[in-house]
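Report on the structure given below.
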2 protein chains.
Amino acid sequence: MSKTTNPNFMNGVPELLILRLLKDHEMYGYELVQAIRTVTHEAISLGEGVVYPVLHALEKDGALKSRRKAVSGRTRVYYTVTPAGQKRLTHLVSNWTKLNDVIASTLNGGAYASLAI
Amino acid sequence: MSKTTNPNFMNGVPELLILRLLKDHEMYGYELVQAIRTVTHEAISLGEGVVYPVLHALEKDGALKSRRKAVSGRTRVYYTVTPAGQKRLTHLVSNWTKLNDVIASTLNGGAYASLAI
DNA sequence: GCATTATACCTTGAACCACGAGGTATGCAA
DNA sequence: TTGCATACCTCGTGGTTCAAGGTATAATGC
């Protein structure tokens, strides 16, 4: 009777990164794709197929707000974080940090000592 | 033409935890399910539906070795890490650490300063 | 003596996310 | 004028994780 209560505990990292980057600067999708690559020194490389859907979902949820802006003939859609988005970001960061701590301590083996074997 | 080169960059954490725990002690599936819960202080709770398939896959890949053992009428399947599994663990840990570092530095905002804006 | 819980193994179907590939369109450089 | 970079988007696939179910034995509770 497996009783797990983690709703997909590892997911949502793209969302986390995107919210975090947008918190500092208003950005548009295409820019984000490259910013993530640059910021993570190529370690993480999210394609447009990941970024755009996340952006749309976050806006639909009220975590982001967008405005269209014409730049030299092309249209860019700039996104900014709403107060709701800010709250969501805080929550995601705290979750990630917690998760990370327990994984790190498990890898270091320290936590296992607490087990009664 | 999105060009991403991360084959599902966030996955494989259950595998990582299982290999890490088995490295210290020979364990059986049901025991692992609870060990993970205990070790992570309930932060991560992998069900049997996660653990058993991972165990089978790892054994099939030669990363684990199993032996059946009868304990008070019940049969337990104990798993140990093979040299190949040890190598795999090392690799997974290094990947996880690297990934983690870039995410952490992104969250801290330090990395963004390296962007030419 | 009987029912429930804990132990111990397992599989399966759905859900979800990330991915790659494709599609449209404009501007600029070779 | 051909190609590449910019800039937006969607869709189908695939791989993981999930909950829920199934089987069977031992121990505990009433």
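Once amide H atoms are placed 1.01 Å from N in the peptide plane, what residues at a sequence separation of 5 or more from A:Tyr28, or on another chain, have their amide H within under 5 Å of its amide H?
HN-HN under 5 Å from A:Tyr28: A:Tyr79.
Using only Cα atoms, find the angle between the long axis of helix A:29-39 and the longest principal axis of chain A, and express it within 0 to 90 degrees, rounded to the nearest 10.
So the helix axis and the longest Cα principal axis differ by about 50 degrees.
In Å² (nearest 100), what accessible area is buried between B and A, both sides summed, heavy protein atoms only, 1.4 Å probe?
About 3800 Å² of accessible surface is lost on pairing.
Residues of segment A:16-53 losing 50 Å² or more of accessible area relative to the isolated chain, 1.4 Å probe, heavy atoms only?
Hits at the 50 Å² cut-off: A:Arg20, A:His25, A:Val39, A:Ile44, A:Ser45.
Once amide H atoms are placed 1.01 Å from N in the peptide plane, what residues at a sequence separation of 5 or more from A:Ala63, or on another chain, have their amide H within under 5 Å of its amide H?
none
Tell me the distances, shortest first, between A:Tyr30 and the same position across the other copies, using label points 7 Å along Cα→Cβ, in nm to one decimal.
A:Tyr30 label point versus its equivalents elsewhere: 5.9 nm.
Whole number in Å², please: accessible area per residue of the protein assembly as shown, 1.4 Å probe, ligands, DNA and RNA not counted.
55
Where the label is 7 Å out from Cα toward Cβ, how close does B:Gly12 come to the same position in every other copy, in nm, shortest first?
Result for B:Gly12, in nm, nearest copy first: 2.4.
Label position 7 Å from Cα toward Cβ: report the copy-to-copy distances for A:Arg68 in nm, one decimal, ordered from shortest.
The projected label point of A:Arg68 is separated from its counterparts by 6.7 nm.
Taking the convex hull of the alpha carbon atoms in the protein assembly as shown, what volume per residue do you get, in Å³?
Enclosed volume per residue, from the Cα hull, is 140 Å³.
Kirkwood hydrodynamic radius for segment B:13-111: how many Å is it when counted over pairs of different Cα atoms?
Details: mean 1/r = 0.0685 Å⁻¹.
By the Kirkwood definition, the hydrodynamic radius is 14.6 Å.
Based on Cβ point charges of +1 for Lys and Arg and -1 for Asp and Glu, what charge dipole magnitude is obtained for segment A:65-111 about its Cα centre, in debye rounded to the nearest 20?
The dipole of segment A:65-111 has a size of about 620 debye.
What FRET efficiency would be calculated for the residue pair B:Lys98, A:Asn11, taking the C-beta separation as r and a Förster radius of 25 Å, to the nearest 0.05? The partial results should precede the final answer.
Values: r = 19 Å, r/R0 = 0.78.
Taking R0 as 25 Å, the efficiency between B:Lys98 and A:Asn11 is 0.80.
For the residue pair B:Asn108 and A:Ala84, what label-to-label distance in nm results when each label sits 7 Å from Cα along the Cα-to-beta-carbon direction?
Here the modelled spin labels are 3.3 nm apart.
Looking down the axis that turns B into A, which residue of B has the closest beta carbon, and how many Å out?
In chain B, the Cβ lying nearest the symmetry axis toward A is B:Met10, 3.
Compute the helix-to-body angle for A:13-24: its Cα long axis versus the longest principal axis of chain A, expressed 0 to 90° and rounded to tens.
In chain A, helix A:13-24 runs at an angle near 50 degrees to the longest axis.
Work from the charge dipole of segment A:13-105 (Cβ charges, +1 for Lys and Arg, -1 for Asp and Glu, about the Cα centre) and give the residue of A:Ala104, A:Tyr79, A:Tyr30 farthest towards its positive end.
Of A:Ala104, A:Tyr79, A:Tyr30, it is A:Tyr79.
Run the dipole for segment B:13-111 about the Cα centre, Lys and Arg Cβ at +1, Asp and Glu Cβ at -1, nothing else charged, and hand back the magnitude in debye, nearest 20.
420
Using unit Cβ charges (K, R positive; D, E negative) and no other charged atoms, how large, in debye to the nearest 20, is the dipole of the protein assembly as shown about its Cα centre?
That gives a dipole near 260 debye.
Expressed as an acute angle from 0 to 90° and rounded to the nearest 10, what is the orientation of the C-alpha long axis of helix B:48-60 relative to the principal long axis of chain B?
With rounding to tens, the tilt is 90 degrees.
Provide the per-residue ³J(HN,Hα) series for segment A:91-99, in order, calculated from phi with Karplus coefficients 6.51, -1.76, 1.60 and θ = phi - 60°, each as a whole number of Hz, with x at glycine and proline positions.
My calculation for segment A:91-99 gives 5, 5, 5, 4, 4, 4, 4, 4, 4 Hz in order.
With all protein chains present, how much of the accessible area of chain B (probe radius 1.4 Å) comes from carbon and sulfur, to the nearest whole percent? Present the calculation step by step, with values, prior to reporting the outcome.
Values: 3410 of 6500 Å².
About 53 percent, which is the carbon plus sulfur part of the accessible surface.
Can you give the calculated 222 nm mean residue ellipticity of the protein assembly as shown, where each DSSP H run of n ≥ 4 adds -39,500 (n - 2.57) and the sum is split over every residue, rounded to the nearest 500 deg cm²/dmol?
Per the formula, -17000 deg cm²/dmol.
The values are calculated or read from the model by the stated rules, or taken from the named source; none is laboratory data. Keep in mind that this is a model prediction, so the values were computed, not measured. Every residue, glycine among them, receives a Cβ derived from its backbone with ideal geometry; neighbour counts consider all protein chains shown. Just the protein is used for accessible areas: all its heavy atoms, side chains included, with ligands, DNA and RNA removed. Shrake-Rupley method; radii C 1.70, N 1.55, O 1.52, S 1.80 Å.
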